[in-house]
Each structure stands twice: as structure tokens, then as C-alpha cells.
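The values are calculated or read from the model by the stated rules, or taken from the named source; none is laboratory data. Bear in mind the structure is a predicted one, so any value in this text is a computation, not a measurement. Note that each Cβ is placed from the backbone with ideal geometry, even for glycine, and that neighbours are counted across all protein chains shown. Protein only, heavy atoms only, side chains kept; ligands, DNA and RNA dropped before computing areas. Shrake-Rupley method; radii C 1.70, N 1.55, O 1.52, S 1.80 Å.
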Amino acid sequence: MCLLLLAVFLLSISSSDVSSHQEYIKVLYVSDNCSSVAHTPCDALSVYAQNISQFNNAIFYFIGTSNINSSITIDSVDNIALHGMLEVDNVPIVKCRNHKSEFSIKHSSHVSLSNVSFHNCYTRLYYSQNITITGSSFKASPDDYGVHVIFSNAFDVNLFSSSFTNIIVQFLYNPPKETCHHKLHHYSLMLVNVSLFGRMIEINLKYSTSYNLSIIIDHVNISKRIDYSRNGSIYFILHASLFNAVVTHSSFYDSTSAIGLRIETMRYTNVTCDIDGVRLVSTLLIEDSQSFGNEWGVVIKGGYTRFNSALNIVIKLSAIFDNLNGGLHIDGSFLASTISIIDTKLAGNMINNILNCHSIFLSNVTIANSLSTGLILIGSIVTVYNSLVFRNNTGVTGGGLQMNATSYLVFSPEASIKFIDNYASYRGGGIYYDTLIATCPFQSLQFNSESPVSFTFWNNTAKVAGDDMYGIITSRSDCNVLLNITNPIIKTSGIPDKLCYCNFKNDVQYHNCFYNIPEQNIFPGQSLKFNVALFGLEYNAEQSSVTDGTVYVFIDGVLVNHTYITSNCSLIKYSPKQPNYTRYQIRLSSDKKYEYYRFVQSYFTIHECPIGFNVSNSQGICTCSQSVSRENVTCDINTLNITHNGLLWIGTYHTSTPFNANATNPNACIINEDCLLYCSPNPVTFKLNDTDAQCVDNRGRLMCGSCRGEYSLLLGSNKCGQCHDDYMMIAWVSLFAVMGVMLVLLLIALNLTVSVGTLNGLLFYANIVKLYEPVFIRERTIPVLSQVISWINLDFGFEICFYKGMDSYVKQLLQFAFPFYLWIIIIVIIQVCRRYGKISRLMGSHAVPVLSTLFLLSYTKLVRTIVIVLHKREVTVQCTSKSIVLNLWYEDPNVEYAKGKHAGLFGIALFVSIIFILPYTLFLLFSPLLEKYLSNYRIFRKLWSRFKPIIDAYSGPMKDEYRFWPGLLLVARLPILLSVTLVDSFIRSHFFLLSMLQTVLVIVLSLGHCFSGVYKKRINNIIEVWFLFNLCIMIGLSVAFKNHSESVNKIWYSICLSIFTASFVSIIVYHFYLQLSHMKWYSALLRKATRTIDDQELLLDSMHKTVDEQMKEIIPSSSDVMRDSCESVVDLY
């Protein structure tokens, strides 16, 4: 065949040479500006075209630019040449001025066109013969899609070294127009060294056996096609015509919206010039060519009716690579042809397809680096000669090769096939065979051949099943080929053939599976759960390997569900819709049949809903019961979990009785209440038998009121922690005892009491900050700063475990104990001072002011403790038949209010309130009135004389008219203390609490301003205003930074506490100075230093005194004697 094509090629060359050597009788010159042309005769092209038939055997030399304003036709001429004369490398131009301009050659022969450039010209050459175009170019603008160069029934056409830019080149071959040939004529079409940019070449053969056409396309390059017709850069349209075509050394590339090479067959039935006895056998050879960077590389496709001729297509020594949507696509649905692909590489394409083609031959073909399966065979039969290699391809089903059930690979005796480094994201890394029945897609070209076919699998992987092969059984009787698998071990799998019960602990193998599934008990809406695995036969049918597939679920013999599982021990869930509380049979099968080895069987029972759940009439599943249901509460029957948004507590009433979450008890009682104190503010998921998950800080039980498990309530906070030493309580008691004594002695030594007037504002600030600590900030900042505040409030300041098992009851008792202990110490000291004078002189007059100071320090702590003890909460318990309201202690709802051990605590709180809190508050607030009106009565005078030192300690620093001020500051604490103690949530009540505090501060500051200072000493007024002003600043900062991060809040809070601590230290230093100033040794030291300075000054003055002045020093005056004999009233007192 190649020799025949070569003969035709040489014949056409020789005929072309003969014509080219003919002599031209006439020499003519063509130019639009003949005045500048030295040669004659010269005229415009349009002038010559009017009588072109007179110019046979003529050569036309084009000079400069020739414009075509209307159509020009060269008709019925013979042996003419259109040749461009080069002028300083400027090629002559023929330019069409508008879209209606056309340059045509028809009914002519031996026409030569060379060295001419046509611009925007619609060019037609038809019904002509021996046309040669050499060294010419045809150009159009990129936006002009209507410019064509059309060869219609132009025979023996030769295109040499020419270029086409944005031009569609069409070769149209039809039957002879006038008379039919009686014998077979041979014509040729030759394209050599032709380049085309931006458009396409179309070769349309529609002439049947009217003549034979030989086509040679050599070194033709087509690139950057930019029209969107989706045809090929070179497009063969074959209508059952007789031809032989060779495409060699050509490239079709970078047409991202078009096909590189497209071959499409169509049937043409209107041919009337067929020559009898001529067999319609055609050949198309594509050799040593490339198609890359296109939308598709090569597409071969049958037309709408069956192609009724024999067509042989050969792709040889070529490369199809890096095409965007696909490399090779063959659709042989209506294609009666044989396609051979030899010594060719398909690489880097998206995909390669062969569809419905039964005559495909592959020899020494490599398919590599495909992105969506190396090769897909659908309804095709592919014969393999020599080697077929699949390397580094990627796909979903089938990384290297994908075949459907109607496709086969037929191997010659010398054939070999390799699958190397292929990957499938689903099944079949090397090969995927898509079939519902295990079969063999491999056949031998020679029946009963004993020559094995070499199969090599290396490093292929599939994510789900079948690293090397999936779905292929080579041991079946329908497989007449012997396989020589070079690998010692290959990984294969197939369609599900068996099913069994498994567990996740063992490596899933068929031999360690089970057919008996444990019986299950569920509630309406719960899912049945089964761990099962599917197994498919391996390629040799001797073993089974785990695979993926569909599992069918039958209940009492009725198909109710099907579920896809992956290739491992997989969990299947199914929620039965059966409404009755009874026992059912369930079967899981790998198909819809009841073959024993393909299903497993078990039973399940549906029970009534567990505690907290009821059957929904609309859904038929267990949902939240009426006692549990509320806004933002959801219930999941599958996990038995209840979920809410936080600050809520849901549980059974008797939480101390353990029960299983699966328990069904219609008489169970449920509590569903807001829990703003110790419950989590974040979304919570829990089970009714584990309600502690709703709590924070290791708290638990009913409404998070107690500590869970082995935890104990900590001193210094409301958190629960673990106690690691049972004897630490002795150490803590000893420490508290020593600290109490040291505190009292410190107050006495420094006279750090309310009688000086410096502590009222400081204590008010410390009390408020301690109460508002959770409002200002959720976490403690610098430990030392927070502990200073705690110590002033008579709190320990550290989170410590006092003893194992401590609860809220004992903690509140300790809150009473420590202030009482301090009172006892100072009272004992006062009594000892009365009896022993030396001790009295040692203590001075500070004992009673210290007692008054301890009363004030204890007041806020005791009032808050009393409010906590007396705080009651009403909780509704919802049972099935009725609802019960319980009175519980708010601090620990596990304790009934005023009953049991809370009754004793309740009594202590009332006792302290009546004996101390109420009298102390009234006594301090109304002391000026009591002193003014009741002290005149003899019955009250003696009683008043006992309490007057305490009153004087508070009101002594005040001006006489404002002696009520300490009582006013005491009362100002009450609304703040009550609001902070009784509020449910510091987060929700943030602005309310700050507003309450700000209101109290404004009232106090306003009264102090109206009174122009209530203290005798101006420094005390400044100190009190300073602390009140700092509280106002803290309120402003808390509002400003409420929505900021916790770290920002820590910064400003630490700064405020640092300022307070510095102020507190300054006050201590001031008191220390006052105490030193009353010490005799300090006064003597100070006088001695002062006297030394005075003596020096006196010595200097005496040197200049008069006689009278010196006599006066010797005899003092009477007035001086009287002044020296008087002592200060304060000193006497």
C-alpha cells in the first residue's frame, strides 16, 4: 500500500514538472499603480479579468498591492501563472476591500500561483485541474469567520510552502459534474510544508467510486484554532469514497476548543457515476505525527448510517498527548473499518475511549499519565500484538484499563501487557471489569493456544478494592487464554459473592467471619447495627477477598432497605418502621436471593421507649417526652442523648439511685428546670443516667448542687476538687487559728481600725469588689491581688480542700465560724485588759476600736452567708400522673429547705440575723438619735454607756452632724449584697448588677458632696472619694470591655486591683507612722535631733543679743510662767 501511494506521489510530481516547464508566450504585469512600474504591458487585475480568456499561456507578475473591490473570476484558461515579483523582500499583496469581494478560478487547468499574499479574500478554485500554489499566504482578521479558501472538484492540487492565517481551507470532492468516466481516473491532492493558524483544514470526500483520490499531507502544522465549531483542526469527512491518504510528519496542537484530528464517516447515496467492478477499499495512514494541547487529540467516529465500504485506518509512530478532555476517542457504532494503532504513545490525556468497535488492533502501544482512566473499552473487541503498557494512569473505576461486560481483549501468541503505577480512587487500580456476572474478558487469537500471555502488575493501587484487577475470573471455561502473571502476588477482587458478620478487632478475612449475628433489642426510632463484610472471588476463583458492594436488608422476608458498604468490616444501620413491640427476623444478603452463603440472619425485638422518651404519633419514633421537651432541647433515641443549650438541668428526681439509660419506667419523675448557678452555659449532650455532664467544676447530682464522686467542695471557691490527704484538716485549723490571732494583733499594733477614719472607703471598696468579682471577670487574675481582697473580706483566698467529703452545709457553717472566732479573741483581750493593767497599758486604747473594726469586716460576710442559707428554690417534679412542687435549698438542691441538716443551719442564720445583723445595722444607723433622745433616761443611760465606746469608734472621725455616715455606708451595702447573692446568672444579669452598683455609688458620692465632707480630717474625705471613684471606673471598664476577650478583661482588672493594693499599702504605712509618732523613744529621738539644730542656731543668735534680751532670759515674765504650767486636754485624756 505504501508503495502504491509513493507511485501516485511520483506520478503527480512528474506531471507537475511537465506543466511547470511549459513556456509562457505572454508576460504581463499587474499593479494598481502602473505609472510607477517600469515594465509593460501593465494593468490592474480587474482589467485583465475582463478578458482573461485571451491570456492562455501567460504569466502575470504582481507588483505592489492589488485591490479587489468586487469579485474577480479567472474562467476557462489554460497554462497561466500568477507570480509575485519580490521588491526588497516585500511580497505582492492581493487585498479584498469588502466581504463581497471574491477571487475565483474555475474551469481552468495548469494554473500556478506563487509568492502572492491574499488578504481577506474569499477564494474559490473549482472544476479545475493541475493547480499549484507555492510560497503564498492567505490571511484574514481573527474576528472574520467567513473567509474561506475552497477547492471544489479541483484535481491534482499541490500546496507547497504556503501559510493560512485565520482561513478555513476546504477540499470538496464530488462526482463529475457533466459526464461520468468509463474507466477509473486517478487524481491527487498534496500538501507539503503548509502551516495554518487559527482555523482548520476540511477534506470532504463524497464521490464513491467515480474516481480515485490520492492524498498526501506532509509537514503540515495546524495550531491555535480559535473558532468554536468543535470540528477537527484537520477534518476528514468520508462519504464512502475511494481514496488513499497519508498524513505524515504533521502536528496539530494548542487548539483548546477543538479536536486535533477528526475522522468521521458518512454514507453518500446519490452517486450516479460509480464505475463497475471497482471495489471500494480505502486507506488512511497517520504516521510520525503529533496531536497535543487540544480539546481532544484524535477522534474517529461513524456517521448516522452504516459506512458501506472497507476503510483501513492506521496510526503509526505517532504521539497523542496532553489533550484537555481526551486523547483518543473511537466510536465505531456505524463504522465498518479496521483501525490499527502501532508504535504509538498516548500520554498525559484526560481519558482515552474505544466504543462499539470490533476491529481494533494495538501493537507496541503505551498509555501513560492519563487523568481519568488510561483506556475505556465499551462494547469493543481489541486485539493486542506485541506489547501494551499502562503506566501511571489515574481513574475512578479502573486506573489503567476499564472494560464493560461486552468488551474483550484478544491476545496474539507474542502479546504481553503491563500495568505499572496505576491508581483508582474506587475499584481496579490496574484493570476494572464492569460486569454483574463473574466472567473472563480475555481471549486468545488462536483457539486452544498453549502460549501464555505475559501479564505484569507492579505497584497498582485502588482505594476500595482490587489493587491490580477487579471483576475478572480467569479460571472460567469461557476464558481460552493462558495467563503468565509475572508477579508472585497480585491483589484482585470481584463483585460481591459472599457476605458474613465480622468485627473491627481482627483483620477481615473470609475464614474468620461468622454467619450468626447477636440478637438486638431496640426502641422505636433506634437503628439496628450490624458489622458485615462482602467478599468477591479473586482472579483464580480459589480465594475470596474483601470487596465493596450493596447489602440488602430483609425483615420477615420483605426487602426493606439496601446499603452500600466499602471494602472492609462496615457498619450498617437501619431503623425499622415496624409499629409493634415484638420480635422480628432480619436477614442481610449480598443480593436479592436467599442463597445460604450470601446472607446472614438474626432477630431483633422492639421495646417501649426508655425514661425521658415517648413515641411521636407523627414520626413513629421515640422523641422527647412531655416532661423533657422544651425549647432548644432535642432527644436522640439512637444514642439516648439529650441535648440543650446550657444553663438548664434535666434529670430524674432520685439521682442517687443508679439505673441504665435503656431502662423503661413509665412512673419515673423528671425535673426540667433552669440552672443558672453551677450548670454549664455551653451546649450540653448527656444521658439521663449521667446528668453530671450538665455541670461544671466537677459538680453533679441534683441540679449540680453537690460534688460528684470522690470530689469535695473547696474553700475559697464553689468548685469541687480532690482531697489527697485526710490529715490536712488539722493543719488548716491550726493555720486559721494562728492567722486569726495574728490579724487581731496586727490591727491592735497599727491601730488599723475604723476610729482613725481611713478604712471606711477601703472596706467598702473591698466588700464590693469581692461580691462583684464574678461580674467583673470570670477567672481570677494575679493571685496576690485577688487574695488581698479575699483577706480583707475574711476569706482564705486560696482554693483548698479542707477535708474529704465537705459539702455546702459545712462550708456555710465555716463562714459563721471564723468571724465568731475573731470576735472571741478580741473580747478575751478586752476582758484581760480590764483585769490586768500592764496588759491594758500594752494594748493601749485600741481594743474596742479593733472589735468595732472586726464587726464591720464580718458584716458583709455574715449577711451574704445568711442570705445564701435562707435562699429557697421551688422545683417542679413532673411525674406521669401528677406534678409535685418541692422546696429545696438553692445552694444545694439535694437538701430540702428547712428540713434535716438544713434546719440547724437555718436556725443559726435566723439567730445571727436577730442577735447581731439587725441590731447592729439599726444601732449604727440611728446611733445619733439614740444618743440624743434616749441617753437622758436613767434606765437607758447605763446601757448606753457600755455601747458608747463602740459608737465612738465608728463616728469619732466624723463631724458631729454626720455621725450617721458609717451606718449609711453599712446600709448602702445591703441592696448590692442582696442583688449579687440572689441573682441566678452573673452573665445574664451583668448590666442589672452594674446599674445597681452605679446607682448606689452615685447616691453616696452625691451625699458626700452635698455635705462638703463628712470627716473632720480632709485626708479621710479624699481617701473615701478615691475608693468610690475607682469603683465607678471599674464599672465603666466592665461595660466597655464586656464583649472583649478574657485576656483583655484580665488586664484592666489586674490594673485596678494593683491600684487598690498600692493604696492599701499606703494606708498601712500611714498608720505605722501614726503609731511611731506616739512612741516616747521615737519622740525623744525626734526632739534630740531637733534640739541639736536649735542649739546651733541659738549659739549664733546669742552672739548678737542686747543686754535687755539677756536679762529677759534670766528672769522670765509671768505670762511665760502661766503658759508653761498648762497641759493639753488631749494629753490629759
key: Amide hydrogen neighbours beyond the local backbone of residue 216, cut-off 5 Å, H modeled   = 189, 190, 191, 246
message = Suppose accessible area is computed on protein heavy atoms with a 1.4 Å probe; arrange 834, 630, 427 from highest to lowest.
response = 834, 630, 427
ask   = Quick one: which of 395-405, 748-758, 706-716 comes out on top by average Cβ neighbours within 10 Å, and what's the full order, highest first?
value = 395-405, 748-758, 706-716
key: Residue among 964, 458, 471 farthest towards the positive dipole end of the chain, charges placed on Cβ   = 964
task = Please report, as a whole percent, how much of the solvent-accessible surface of the range 37-76 comes from carbon and sulfur atoms (probe radius 1.4 Å).
result = 43 percent
query = Put a dot 7 Å past each Cα toward the Cβ at residue 821 and residue 726; how far apart are the dots in nm?
reply = 2.3 nm
key: Positive-end residue of 983, 485, 552, charge dipole of the chain with Cβ unit charges   = 983
query = With the radius of gyration and the Kirkwood radius both derived from the Cα set of the range 399-469, what is their ratio Rg to Rh?
reply = 1.00
task = State the extension gain, in nm to one decimal, for the chain segment bounded by residue 450 and residue 1043, taking 0.36 nm per residue of separation less the distance between their alpha-carbons.
result = 205.1 nm
ask   = Taking all protein chains as present, what is the carbon and sulfur share of the accessible area of the range 174-365, in % to the nearest whole number, probe 1.4 Å?
value = 50 percent
ask   = How far apart, in nm, are two points set 7 Å out from the Cα along the Cα-to-Cβ line at residue 406 and at residue 463?
value = 3.0 nm
message = To check my understanding: the extent here is largest minus smallest coordinate of the Cα atoms along each principal axis. What are those three numbers for the range 174-365, in Å, largest first?
response = 50, 35, 28
remark   = Given a Förster distance of 56 Å, the FRET efficiency implied by the Cβ-Cβ spacing of residue 1007 and residue 881, rounded to the nearest 0.05, works out to 0.40
request  = Quick one: divide the alpha-carbon radius of gyration of the chain by 2.2 N^0.38 Å and tell me what you get.
outcome  = 1.72
remark   = If the chain between residue 386 and residue 592 were fully extended at 0.36 nm per residue, the gain over the current Cα-Cα distance would be 69.8 nm
request  = Pull out the extension gain between residue 1076 and residue 742, defined as 0.36 nm times the separation in residues minus the alpha carbon to alpha carbon distance; nm, one decimal.
outcome  = 118.3 nm
message = Can you give me the accessible area per residue for the chain, using a 1.4 Å probe, in Å²?
response = 47 Å²
ask   = Non-local amide H neighbours of residue 607 (under 5 Å, H modeled in plane, Pro and chain starts lacking H): which ones?
value = 522, 523
inquiry  = If you average the alpha carbon positions of the range 724-795 and of the range 634-655, how far apart do those two centres end up, in angstrom?
reply    = 41 Å
task = Roll a 1.4 angstrom probe over the protein heavy atoms and tell me the percent of accessible area of the range 859-988 that is carbon or sulfur.
result = 64 percent
query = Which whole-number percentage describes the relative contact order of the range 517-632, with Cα contacts under 8 Å and a sequence gap of 6 or more?
reply = 29 percent
request  = Find how many whole Å separate the alpha carbon centroid of the range 317-390 from the alpha carbon centroid of the range 129-161.
outcome  = 33 Å
query = Rounded to the nearest 0.05, what FRET efficiency is calculated for residue 23 and residue 161 with R0 set to 30 Å and r the Cβ-Cβ distance?
reply = 0.80
task = Set the Förster radius R0 to 45 Å, insert the Cβ-Cβ distance between residue 582 and residue 645 as r into 1/(1 + (r/R0)^6), and round the FRET efficiency to 0.05.
result = 0.75
query = Given H placed on each backbone N at 1.01 Å, which residues far from residue 286 in sequence or on other chains put an amide H within less than 5 Å of it?
reply = 247, 314, 315, 316
inquiry  = Need one number for the range 726-1075: average projected area of the convex hull over its C-alpha atoms, nm².
reply    = 22.2 nm²
remark   = For the range 534-626, the Cα gyration tensor yields equivalent-ellipsoid semi-axes (√(5λ), largest first, whole Å) of 34, 14, 10
ask   = How far apart, in nm, are two points set 7 Å out from the Cα along the Cα-to-Cβ line at residue 178 and at residue 634?
value = 8.8 nm
